[in-house]
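One structure is given below, encoded as structure tokens.
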Amino acid sequence: MRTVMGTGIFWTILAAGAQAAGPAFDAVSLLPHRAVYDLSLEWASAQSGVEGLDGRFVYSFTGSDCAGYVTEMRMVTDIAREYGAVVTDQVSSSFEEKGAFAFSSTLFSDNALQSETVGEAQRTEKRAISVTFGGDEARAIELQDAEFPTEYMANVILAAQNGRRAYEAISFDGSGEETMRAITLIGDREDRIEGDAGWPITTAYFPMGAVSGDETPDYTVSMLLSAEGVSRDIVMDFGDFKMAGELTRLEPLKPAGCEAPPETLSSKP
């Protein structure tokens, strides 16, 4: 995912203490789980043309530190616009272990295929990542070293546990052919009556050339993130409109054993 909030004060906070740390896989205990979110329109500008939005986001996170992690996501949205409704359906999956990341994604709009991506990324000894894209036009590219999605999330949690207010790193999630500069602001830990403990965070994703405090992020994501990697109160800001995700169902799953690959929902009988 990519998204954020870029202002002068934002960069000022970052300058006070955001520096990348090492991988936190061994230091953070992530919870395999399945989560279901109801989607709604949080806000829209008059220029966006968005008049309403509803949908559902299903997220599955399985595996373990020793076996690797599998992430499966499906997001279906029904967006009401001035010229009519548009239904989008995006399905993505990935497998991540230390230094390696495999990913795939398909996007449909009104039942018509809009895009399809499949690839693998491997960290090399040259402080870079080698990315191979499959499909009809297979190709390989080399990018600067970057953190993969689960690795980045674990490092954000570790930073929060250590009392840090921000975390920054170069990231690669397979949604494009470039790395992004991801910057996360971390708020005070919240312990709610319902047991939804965690840190309010906002992550902004900037193109790699961004160096000015006036630079606008591609998008931002805000949420309440628990120490086990469960997200609540999600808000995705795409600039001219914001989409909210309310957690309506949370199902803990068993961690994968080190002798077997991670279990996915599709592998269950």
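The values are calculated or read from the model by the stated rules, or taken from the named source; none is laboratory data. Quantities reported herein were computed from a predicted structural model and do not represent experimental measurements. Don't worry about glycine lacking a Cβ; one is built from the backbone with ideal geometry, like all the others, and counts go over all protein chains shown. Ligands, DNA and RNA are stripped out before the accessible areas are found, and what is left, the full protein with its side chains, is counted by its heavy atoms. Shrake-Rupley method; radii C 1.70, N 1.55, O 1.52, S 1.80 Å.
Please determine, by comparing only the residues of the stretch 94-103 that are open to solvent by 40 Å² or more (accessible area, probe 1.4 Å) and part of a strand (DSSP E or B), which one is farthest from GLY55 (Cα to Cα).
Here the residue is GLU97.
Can you pull out every residue in the stretch 230-248 that is in contact with a helix residue (DSSP H, G or I) (Cβ under 6 Å, 6 or more places away or on another chain) and buried (at least 17 other Cβ atoms within 10 Å of the Cβ)?
Of everything in the stretch 230-248, just one residue is in contact with a helix residue (DSSP H, G or I) (Cβ under 6 Å, 6 or more places away or on another chain) and buried (at least 17 other Cβ atoms within 10 Å of the Cβ), namely PHE241.
Condition test on PHE148, is it under 22 Å from SER93 (Cβ atoms), at pLDDT 95 or above and within 18 Å of the chain's Cα centre (by Cα)?
So PHE148 fits the description; yes.
Consider only pairs whose beta carbons are under 7 Å apart and that are at least six residues apart or on different chains; among these, list those whose first residue lies in the stretch 200-224 and is closer than 16 Å to ALA166 by Cβ and of a type in the set (Val, Ile, Thr) and whose second residue is open to solvent by 50 Å² or more (accessible area, probe 1.4 Å) and at pLDDT below 95.
Qualifying pairs under 7 Å: THR202/MET5; THR220/MET5; VAL221/MET1.
Among the numbered criteria (1) of a type outside the set (Val, Ile, Thr); (2) within 21 Å of PHE95 (Cβ to Cβ); (3) open to solvent by less than 60 Å² (accessible area, probe 1.4 Å), which single criterion is violated by TYR167?
The number of the failed condition is (2).
Taking GLY245, is it of a type outside the set (Asp, Glu), in a loop (DSSP other than H, G, I, E, B) and out of contact with any His (no Cβ under 6 Å at 6 or more places or on another chain)?
Judged against the criteria, GLY245 is not a match.
Given the conditions (1) without any contact (Cβ under 8 Å) to a residue 60 or more places away in the chain; (2) among the charged types (D, E, K, R); (3) open to solvent by less than 40 Å² (accessible area, probe 1.4 Å), which single one is not true for ARG123?
(3)
I'd like to know if the stretch 19-30 contains one or more residues that are at pLDDT below 50 and either of a type in the set (A, V, I, L, M) or under 17 Å from the mean Cα position of the chain (by Cα) (or both).
Checked the stretch 19-30: at least one residue is at pLDDT below 50 and either of a type in the set (A, V, I, L, M) or under 17 Å from the mean Cα position of the chain (by Cα) (or both).
A quick yes/no check of all residues on (1) loosely packed, with under 15 Cβ neighbours inside 10 Å; (2) under 18 Å from ALA154 (Cβ atoms):
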{"site": "PRO32", "(1), (2)": "no, yes"}
{"site": "VAL36", "(1), (2)": "no, no"}
{"site": "SER45", "(1), (2)": "yes, no"}
{"site": "SER48", "(1), (2)": "no, no"}
{"site": "SER64", "(1), (2)": "no, yes"}
{"site": "TYR69", "(1), (2)": "no, yes"}
{"site": "GLU72", "(1), (2)": "no, no"}
{"site": "ARG81", "(1), (2)": "yes, no"}
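Let me confirm something: among TYR152, TYR167, which residue is in a helix (DSSP H, G or I), within 30 Å of LEU185 (Cβ to Cβ) and in contact with a Phe, Trp or Tyr (Cβ under 9 Å, 6 or more places away or on another chain)?
From the options TYR152, TYR167, the qualifying one is TYR152.
Each row is one residue, and each column tells you yes or no for (1) within 30 Å of SER45 (Cβ to Cβ); (2) surrounded by fewer than 20 Cβ atoms within 10 Å (Cβ to Cβ).
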residue: VAL58; (1), (2): yes, yes
residue: VAL91; (1), (2): yes, yes
residue: THR106; (1), (2): yes, yes
residue: GLU142; (1), (2): no, yes
residue: GLU147; (1), (2): no, no
residue: ALA154; (1), (2): no, no
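For VAL91, indicate whether it is out of contact with any helix residue (DSSP H, G or I) (no Cβ under 7 Å at 6 or more places or on another chain) and within 14 Å of GLY52 (Cα to Cα).
Spelling it out, it is not the case that VAL91 is out of contact with any helix residue (DSSP H, G or I) (no Cβ under 7 Å at 6 or more places or on another chain) and within 14 Å of GLY52 (Cα to Cα).
Of all residues in the stretch 108-120 being of a type in the set (A, V, I, L, M) and open to solvent by less than 80 Å² (accessible area, probe 1.4 Å), which is farthest from ILE141 (Cα to Cα)?
Here the residue is ALA112.
To keep it simple, each residue is scored yes or no on (1) within 30 Å of ASP78 (Cβ to Cβ); (2) outside any strand (DSSP E or B); (3) of a type in the set (Asp, Glu).
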residue: SER115; (1), (2), (3): yes, no, no
residue: GLU120; (1), (2), (3): no, no, yes
residue: GLU125; (1), (2), (3): no, yes, yes
residue: ALA140; (1), (2), (3): no, no, no
